Structures are given as structure tokens and as C-alpha cells.
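The values are calculated or read from the model by the stated rules, or taken from the named source; none is laboratory data. None of the values given here were measured: they were computed from a predicted structure. Please note: Cβ atoms are built from the backbone with ideal geometry, for glycine as well, and neighbour counts cover all protein chains shown. The accessibility values were calculated without ligands, DNA or RNA, using every heavy atom of the protein model including side chains. Shrake-Rupley method; radii C 1.70, N 1.55, O 1.52, S 1.80 Å.
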Amino acid sequence: MPMNDLFRGQRTAKSGRDRQRTAADEPDPARSGYNAAISRTARRTPSAPRHGWMMAIAPQSFASLADLSRGVTEWVQSVKQLTQPDHVHWCEGSDAEIEQLKHQLVARGELQTLNEEVFPGCLLARSDPSDVARVEHLTFVCTAKPDDAGPNNHWMDPSEAHRKMRNLFRGCMKGRTLYVVPYCMGPLDSPYARGGVEITDSPYVVINMAMMTRMGRPALERIARDGTFVKGLHSTGELDPERRFIMHFPEELAIESFGSGYGGNALLGKKCHALRIASWQARSEGWLAEHMLIVGIQNPEGETHYVAAAFPSACGKTNLAMLIPPDSMPGWKVFTVGDDIAWLQPGPDGRLWAINPEAGYFGVVPGTNESTNRNAYHMIRRDTLFTNVALTADRQPWWEGRVNGTPVIDWQGRPYDPKNGPAAHPNARFTVAATRNPSYSPAAEDPRGVPISAIVFGGRRREVAPLVYEARDWAHGVVVGASVASETTAAATGQVGVVRRDPMAMKPFAGYNFGDYWRHWLSIGSRLSKPPRVFHVNWFRRDAAGKFMWPGFGDNLRVLEWMLKRAAGRADATDSPIGALPRPADLNLKGLNIDPQTLQALLTIDRDAWRREVADMREYLNEFGARVPAEMRAELDRIERRLAVGQGDSQ
């Protein structure tokens, strides 16, 4: 049986997860004023090695899963009648359950084991060649009013979408097993976490969800107590690109996905729930659901600050989240709270607090090695599910950027021939539990979240954007975030290398009109007496010869150090029309081999280029008409005036 049959939802048995907790040398963040307000909702339990924080109510260990939540059970029954599966399996979430599922899939050839000596516990999955990335053109937000979805989304009338999807789902699980996958996005005992249930016929999805979320009985128990959950219905169908749709119904807190087994289209807890649906929930409930990493940075004096950063896919999120300080910066430590998604809440102390709703990583593997991301490379050396990588003769996974080994089998299972393209797909992925990360932060399981000192936006720009600049205030920061632009990558289908606007790195993921989304950002700022500073970075600036001007990777800590000092009021900057820029003397350059002229160019703006940039940004905002907040247009007016009169000139 071909391996990509795994994505077609073959009949399987039980499911669960295997996760081990690791420790990180990180102190708890300062929580003055917040600790007393939130700690009443949770208690630390030493008998909770998997999640760290446990619900105050004892788990209903002996109750049938189908008896825990009437709402979930009634929905499962209705889906069963529609899809007509041969079997229904409710996922407990135990280690033994997932191991049994893996063994069954390996025995049937739907997963392959990898070299146990070098990559113990690792498996390989292959998808259909037509099913290798998010399909943004087939992803819809279905709201009663088209303007509520906005120009940033593909819209379909909810009635039409439901009718279309019912026809696709009718009888689609005959001969298959229907898996009920209850999950919790965020620490189980966090007031900021939200529950969901995914129904799927894909065992690949079950295994991934077990690593990516807090999946199983404890999640369903929380759903039963909360009385609400996001409904996610998924089937791989026939993997026919002509019968492939990902529908979001934010007003119903529902997702329906058909015809794809790829992670971003099929792991409904990830982008579909944690961003598209959650962003709608967040606006209604007064918080933010963002495409952001969360990283803790400890300076040599022992002070730990947390940074949330938004970058489009394949723009360095994972590398920054797992950054390793350069040898020339002794005493610095970096801790990973999250690598992709952040849910941010205004705290009672006036600061912005964040949790990572995920429990694992679904990362792009090409380019990962000891030099580019040592933590990620060591993390995926065991207990990892690889998708669409190549194989060496001794069954090690191989991808472009891996220094060791030679590919002999490509990502499609064919003998490797360079004429057929890359050995691994450019969007090949790894799925692994977050606790496998050597820099994993225990704060990731703190129900209170972590306080954010700085928000960073950035993209992949060859020119225009300097290495780093700081917004003047929160309102200006919203414009900075909205202006993010980046070269497209292989993470989504379509042309690669085209520069497009990607506000807050949320273009593919905001579940409603960007005009309303920006207004919500402004309203959040009005509730913060101690808002984080807002910055923009560009690690990817190139010179006239096309070479990168900044070394990137670990040396990005030098820029982060300046940011955190700015947040603490301990670093200088020079004013410019677009915001505050560091001078070369403001950056820690010890041990960095960079030409002074190159550094000066990185910290200088081109006025003509920025006039064009502002004009382009104004044109982009006009796409959203009257829903664009007046404050944003006023900010662009101020930047244009400063560019015109030479105010804040960095040159």
C-alpha cells in the first residue's frame, strides 16, 4: 500500500500520544499585581508531569468519553449519520493508544520507521504530490455578511458552503474509522485556553494532533465544564484537488475541511482554530489571537523578558524562537515558550500577557542543521514525525540543508534524481512535542501566561526596510504591523518570491475583515497602561550583489538586546521619519565581523523608497474602505509629513 494512502483515512484503531517533559533553566517572570488576581484559578500539582498544571476537579477516569459531554456526543452522532463510517473511535489521548496506532500504520506500510540508531522513535509519512501546502485559494471564511469576512478573505455564503460540504461529506467515511479528537488549545487549567473537537478519518491527523495539542480525556472534561467548543470536521476524501475546500464558520465556531491531508488544511486545531476562528473569538471576548512566536530572553544579570514576534511563514520564526546566543555574548539565555501562535490578553496589571495555545511544533525542516538552528536539529533527532523528506541509503531522513548523508529516495518515494527537483519537498515538515526542545520553557504550561515586553514584526525584504526600527507608540505600532510585507514562500501554494502585504503576518489567518481587526488592535492598546514596545525587523536585507547584509541566526540577539534595553529605558536611538533607529554604537557588536559601511546601510532609510512604501501602504488600506480606523490614516499622514520636511532624518 502506498504511503500516501495514510492521508486518505484508511481504517485504523486507537490513538494517543507520547510526550516527555523536560526542564529549562528559567526563572518565573515577575508577576506583581497579576499573581494574586489569576492564581486563584489554578494550582500547581506535582503529580502532573505531562502538562504541569491540572484542573482542580478530579478527572472522570472511569466515565465513557461519549458520556462526558452531551453536546459533543450529539454532534458526533449527527456526523456519523452523514459520513457513515464503519467504526467510531473516541481518542483517550494515552501514550499506549498512540503507540498502537503507529504500529498498525507501520505494519500496513502507511508510515515508515527511520534509522533507530540515529533517529530513534522517528517516522516518515508521504503525502499525495498534489497535497503539500496550505491552499489559500480554497480556504473560505463564511459569514452572513461578506464585508465581515473582508477583502483579506475568500468569502462564501454560509448556506451555500454548508450545502456544498454536506454533499462532499455524505458517505465519505464508508470503510474508514471516524476518530473523535477532543483537544485543548493552551494549558488545561488556563482561563485563556479554549477547547475543540476534531472529527477526522485520517490517522495521520490523530498522531499529529496528539503532539500538537493537549488531546484526549482531560480536554473533553474541560469542554464538558466550559459547555462550548469549536467543531472541526475533516475528511481526506479522495485527495482530489477539484474537491478540496477548507471552510470556516466563525459565527458558528465551526470548521469543515475536505479533500486534503496536509497539516495546515487538516490539523484543524492549528491555523483553522487557533488563528482564523480564535481571532473572531478574541475580538468578541477582548483578546488577540496572533501568528506569533513567544520567546524568553535572560540577560547576564538574570533579568528575563518575553518577546512576541510575528513573521510570515519561513521567515525565521522557529530560528528566533529557539535562538542560541553567539559565543561572543556569554551569560545570555533564550527560552522557547512558543514558535508559531500566541494568544494575548490584557492583564489586570496593565501589561499584555501571552500563552502558547499549542503543545508541539509543525515546522519546515529544509535548511535545519547544527549551524542554522542547533536546538531544532537536536529536537527532531528522536520521537519526530517527518512528512515529505527524502531518505538516505541507511534510512535516515534527509533534506536540503542537512550537511550529512546523501539522498537516495526522494520525497515521493522515487529513486533520487536531481532532474526531478529537490530531494525533500521545500515545504517538508517535522511534527514533534514542544518538550523535546532543549530550550523549552516551563512557562509554556503556566496558566497565567507570560508578560510581553516587546512585540516584533518582520518579513523577508531585500530592500526598503532597515535592520530594525521602533514605533513611536501603540497606534504607530499597529500601522507598523499592518505594513508588514514579505516575499512569498513554499508554505502556501502559488508563486514563490513575490512581495505581498501580510499585515501582522495574519493575511492567510485573520478570520474577519482586516479593517475591524486593526480597530480591535487599537482597542486592546487602550486597555494597556504598560503596553509592550513595538518594533519591526528585517533580517533579510541584501546588497547590490544579492548577498545578505546581516549574519542573522544567533546574532539577531544583538538586535533583541537593544529592543529590551529600549523597553527598559536603558538604550539610545536616533529619530527617523519611520520611527526610532539604533546607531551602530547602540548595538552590542562584540565579536561580530561586519563592515561598518554595511552596518550603517542597514540602519539607514532611503527617503524616496519610503515615500513609495507609504503610498503603497495607503493604497493597500484603501482596499478596506471605511472600516479602516481613522487613526491609521492619520499615522500615515504623519510619516509622510516627516519624510517631506526632513524631520527625524536618519541619514
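Look at Phe540 and say whether it is open to solvent by 10 Å² or more (accessible area, probe 1.4 Å), aromatic (Phe, Trp, Tyr) and free of Cβ contacts under 8 Å to residues at least 24 places away in the same chain.
Numbers: open to solvent by 10 Å² or more (accessible area, probe 1.4 Å): yes; aromatic (Phe, Trp, Tyr): yes; free of Cβ contacts under 8 Å to residues at least 24 places away in the same chain: no.
No, not satisfied.
Given the criteria part of a strand (DSSP E or B) and within 17 Å of the chain's Cα centre (by Cα), does Phe509 qualify? Don't jump to the end; show me each part of the working.
On the way: part of a strand (DSSP E or B): no; within 17 Å of the chain's Cα centre (by Cα): yes.
Answer is no for this residue.
List the strands (runs of 3 or more DSSP E) inside segment 390-449, counting only whole elements, that have at least 1 residues being touching a Pro at 6+ places or on another chain (Cβ under 6 Å) and of a type in the set (A, V, I, L, M, F, W, C).
Working: elements: 390-392, 407-409, 429-433.
Passing ranges, in order: 390-392.
Among the residues of segment 417-426 satisfying the criterion of being more than 18 Å from Leu123 (Cβ to Cβ) and crowded, with 19+ Cβ neighbours inside 10 Å, which is modelled with the highest pLDDT?
This residue is Ala423.
Using the structure shown, decide if Trp353 is in contact (Cβ under 8 Å) with a residue 24 or more places away in the chain, within 30 Å of Leu101 (Cα to Cα) and not charged (D, E, K, R).
Answer is no for this residue.
Out of all the residues in segment 376-389, which are open to solvent by 20 Å² or more (accessible area, probe 1.4 Å) and assigned to a helix (DSSP H, G or I)?
Quick first cut of segment 376-389, residues open to solvent by 20 Å² or more (accessible area, probe 1.4 Å) only: 378, 381-383.
Residue satisfying the conditions is His378 alone.
Could you say which residue among Leu528, Leu557, Leu522 is of a type in the set (A, V, I, L, M), within 30 Å of Pro629 (Cα to Cα) and assigned to a helix (DSSP H, G or I)?
Leu522
Only one of these is at pLDDT 95 or above, among the β-branched types (Val, Ile, Thr) and farther than 27 Å from Ala354 by Cα: Thr213, Thr177. Name it. Before the answer, list the steps.
On the way: Thr213 fails: farther than 27 Å from Ala354 by Cα.
From the options Thr213, Thr177, the qualifying one is Thr177.
Exactly one condition in (1) open to solvent by less than 10 Å² (accessible area, probe 1.4 Å); (2) not hydroxyl-bearing (Ser, Thr, Tyr); (3) not in a helix (DSSP H, G or I) is not met by Lys231; state its number.
Unmet condition: (1).
For the structure I just gave you, tell me whether Arg472 is touching a residue at least 24 places away in the same chain (Cβ under 8 Å) and either closer than 27 Å to Gly367 by Cβ or open to solvent by 30 Å² or more (accessible area, probe 1.4 Å) (or both). Steps first, answer last, please.
On the way: touching a residue at least 24 places away in the same chain (Cβ under 8 Å): yes; either closer than 27 Å to Gly367 by Cβ or open to solvent by 30 Å² or more (accessible area, probe 1.4 Å) (or both): yes.
Spelling it out, Arg472 is indeed touching a residue at least 24 places away in the same chain (Cβ under 8 Å) and either closer than 27 Å to Gly367 by Cβ or open to solvent by 30 Å² or more (accessible area, probe 1.4 Å) (or both).
Considering every residue within segment 321-338, establish whether at least one is among the aliphatic types (A, V, I, L, M) and closer than 24 Å to Ala485 by Cβ.
Looking through segment 321-338, at least one residue is among the aliphatic types (A, V, I, L, M) and closer than 24 Å to Ala485 by Cβ.
Does segment 72-89 contain any residue that is more than 24 Å from Gly232 (Cα to Cα) and modelled with pLDDT of 95 or more?
Within segment 72-89, not a single residue is more than 24 Å from Gly232 (Cα to Cα) and modelled with pLDDT of 95 or more.
Can you tell me which residue within segment 66-97, out of those that are in contact with a Cys (Cβ under 9 Å, 6 or more places away or on another chain) and in a helix (DSSP H, G or I), is most open to solvent (accessible area, probe 1.4 Å)?
Leu82
So which residues in segment 481-501 are closer than 14 Å to Phe311 by Cβ, in a loop (DSSP other than H, G, I, E, B), modelled with pLDDT under 95 and not small (Gly, Ala, Ser), if there are any at all?
Thr488, Thr489
With the condition kept exactly as written, say whether any residue in segment 443-456 is at pLDDT below 95, touching a helix residue (DSSP H, G or I) at 6+ places or on another chain (Cβ under 9 Å) and crowded, with 24+ Cβ neighbours inside 10 Å.
Restricting attention to segment 443-456, the residues satisfying the condition of being at pLDDT below 95 are none.
No: segment 443-456 contains no residue that is at pLDDT below 95, touching a helix residue (DSSP H, G or I) at 6+ places or on another chain (Cβ under 9 Å) and crowded, with 24+ Cβ neighbours inside 10 Å.
Are there any pairs with C-beta distances below 8 angstrom linking a residue in segment 150-161 that is free of Cβ contacts under 8 Å to residues at least 24 places away in the same chain and open to solvent by less than 70 Å² (accessible area, probe 1.4 Å) to a residue that is among the hydrophobic types (A, V, I, L, M, F, W, C) and assigned to a loop (DSSP other than H, G, I, E, B), with the two at least 6 apart or on different chains, and if so which?
Asp157/Cys142
Can you confirm whether Ala48 is among the aliphatic types (A, V, I, L, M), out of contact with any Gly (no Cβ under 6 Å at 6 or more places or on another chain), modelled with pLDDT under 50 and surrounded by 11 or more Cβ atoms within 10 Å (Cβ to Cβ)?
Working: among the aliphatic types (A, V, I, L, M): yes; out of contact with any Gly (no Cβ under 6 Å at 6 or more places or on another chain): yes; modelled with pLDDT under 50: yes; surrounded by 11 or more Cβ atoms within 10 Å (Cβ to Cβ): yes.
Answer is yes for this residue.
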